[in-house]
Amino acid sequence: MKYALLSDIHANLEALQAVLSEISSRGITDFICLGDIVGYGADPRACLETVRGLNPRIVQGNHDYAAAGPVDLSSFNKNARLALLWTRKQLDSAGRDFLKSLPLTAEVFGATLVHSSLKDPGRWEYILNPRDARASFDLLLNEICFFGHSHRPRVYREEEGEITVEEGGRIELRAGSRYLINPGSVGQPRDRDPRASFGVYDSAEKKVEIMRIEYPVEKAQEKILRAGLPPFLASRLAVGR
Ligand code: ZN
């Protein structure tokens with residue numbers, strides 16, 4: 001079974017469409033979504049509808065949670081806060097209810113899904129280094145966990161207590177190893193590569209591939225500016241940070 005891995009779409013419809021057309025050209029029809037469909041970008045409604053139409057296995061991200069309801073936004077920086085307030089106004093009650101209903105963790109064919117970290121997932125801690133990865137490996141009951149949140153493609157492998165890290169590409173999943181895998185961000189990469197990032201997980205062949213694809217960045221930027229969202233949210237897309 002092949003699954004497309006999508007994370008941190010962040011209301012960037014241009015990036016999402018480019019990724020979906022690549023996935024469909026590969027004949028993949030099953031989806032895993034690791035959260036943050038909305039927030040930052042100018043197309044929250046269209047991205048939400050598109051993702052729901054994919055019928056994915058899905059978990060909730062911190063922006064999904066914050067956009068869905070009247071929750072405290074003080075943990076978000078100013079640009080994120082302004083975008084979340086704007087996003088709330090764009091969503092209808094069905095969209096908000098859907099985002100609210102998403103679970104913090106899920107399971108697919110022996111793999112765990114979480115947006116941030118397995119350590120108290122609702123506190124949205126980042127996995128940015130092997131030490132952060134350790135805390136999640138200690139709580140992981142499966143061989144594989146797919147996660148997002150950092151907007152950086154990463155594969156952490158644990159074997160006999162040792163953790164190594166790779167930044168994407170084709171990974172053969174080895175028996176006896178455990179993995180924490182972040183396919184990177186579709187709609188707002190932060191690893192200095194502006195191309196949309198996504199992954200493919202082949203559960204039968206035990207392989208993961210993390211890929212990058214170009215999309216019309218200027219179009220997404222224009223929409224952000226036209227919506228009156230903070231200009232930084234547009235400019236960052238061109239540099240991938
Ligand atoms: Zn995010």
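Details
- In this structure, ALA238 and LEU85 have a Cβ-Cβ separation that, at R0 = 30 Å, corresponds to a calculated FRET efficiency of about 0.75.
- Relative contact order of the chain, taken over Cα pairs closer than 8 Å and 6 or more residues apart, is 23 percent.
- In sequence order, the stretch 34-49 has phi-based couplings of 9, x, 6, 5, 10, x, 6, x, 9, 10, x, 5, 5, 5, 4, 4 Hz under the Karplus curve 6.51 cos²θ - 1.76 cosθ + 1.60, θ = phi - 60°, and Gly or Pro positions carry x.
- Neighbourhood net charge (10 Å Cβ-Cβ; Lys/Arg +1, Asp/Glu -1) for HIS115: -3
- Computing FRET efficiency as 1/(1 + (r/R0)^6) for GLU172 and GLU218, where r is the C-beta to C-beta distance and R0 is 41 Å, gives about 0.65.
- Stokes-Einstein diffusion for the stretch 95-219, with the hydrodynamic radius set to the Kirkwood value over Cα pairs and evaluated at 25 °C in a medium of 0.890 mPa s, equals 163 µm²/s.
- Whole-Å distance, taken between Cα centres, linking the stretch 106-149 and the stretch 1-43: 20
- Working note: Karplus 6.51/-1.76/1.60 with θ = phi - 60° gives the stretch 62-74 the couplings 5, 6, 4, 4, 6, 6, 7, x, x, 10, 5, 9, 5 Hz, where Gly and Pro are set to x.
- Amide H contacts under 5 Å for ILE58, placed H, 5+ residues apart: CYS33
- From phi via Karplus (6.51, -1.76, 1.60), per-residue ³J(HN,Hα) for the stretch 192-205 in Hz, x at Gly/Pro: 6, 10, x, 5, 4, 10, 7, x, 10, 10, 9, 6, 7, 7
- Listed by chain and number, the aspartates and glutamates placed with their C-alpha closer than 16 angstrom to that of LYS223 are GLU14, ASP43; residues fewer than eight positions away on the same chain are left out.
- Counting protein heavy atoms only, the stretch 130-217 has 43 percent of its accessible area on carbon and sulfur, 1.4 angstrom probe.
- Restricting the stretch 180-236 to GluC sites (Glu not before Pro) that sit in a DSSP loop and have at most 13 other Cβ atoms within 10 Å of their own Cβ leaves GLU205, GLU214.
- Projected onto its three principal axes, the C-alpha set of the stretch 113-156 covers 24, 22, 19 Å, listed from the longest axis down.
- Given charges at Cβ of Lys, Arg, Asp, Glu: the chain dipole, positive-most of THR112, ILE163, VAL217: VAL217
- Stretching the chain fully between THR29 and ARG123 yields a gain of 30.7 nm (0.36 nm per residue, less the alpha carbon separation).
- Here's the list of aspartates and glutamates a cross-link from LYS100 could span, going by alpha-carbon distance under 16 Å and ignoring same-chain residues fewer than 8 apart: ASP36, GLU49, ASP64, ASP72, ASP92.
- Ligands, DNA and RNA are left out, and with a 1.4 angstrom probe the accessible area of the chain is 44 Å² per residue.
- Computed across the stretch 1-111, the Kirkwood radius stands at 14.2 Å (inverse of mean 1/r, all Cα pairs).
- In straight-distance terms, cross-link reach from LYS219 covers every one of the lysines whose alpha-carbon lies under 29 Å from its own, apart from those fewer than eight places away in the same chain; here that gives LYS78, LYS89.
- Of the GluC sites (Glu not before Pro) in the stretch 148-198, those whose Cβ has at most 15 other Cβ within 10 Å and which sit in DSSP loop: GLU160, GLU167
- Enclosing the Cα atoms of the chain in their convex hull gives a volume equal to 107 cubic angstrom per residue.
- Loop-resident sites, the stretch 166-229, for trypsin sites (Lys or Arg not before Pro), counting at most 12 other Cβ within 10 Å (DSSP): ARG174, ARG192
- Linear extension gain, SER74 paired with ILE163, 0.36 nm per residue minus alpha-carbon span: 28.7 nm
- Magnitude of the charge dipole, the chain, Cβ model with Lys/Arg +1 and Asp/Glu -1, debye to 20: 680
- Estimated FRET transfer efficiency when R0 is 25 angstrom, pair SER101-LEU141 (beta carbons, to 0.05): 0.60
- Environment charge of ALA4, counting only residues whose C-beta is closer than 10 Å and scoring Lys/Arg +1, Asp/Glu -1: 0
- Under 13 Å, Cβ to Cβ, from GLU49 - net charge with Lys/Arg +1 and Asp/Glu -1: 0
The values are calculated or read from the model by the stated rules, or taken from the named source; none is laboratory data. Bear in mind the structure is a predicted one, so any value in this text is a computation, not a measurement. FYI the Cβ positions are ideal-geometry reconstructions off the backbone, even for glycines, and counts take in every protein chain you see. Areas reflect the complete protein model, heavy atoms only, side chains present, ligands, DNA and RNA absent. Shrake-Rupley method; radii C 1.70, N 1.55, O 1.52, S 1.80 Å.
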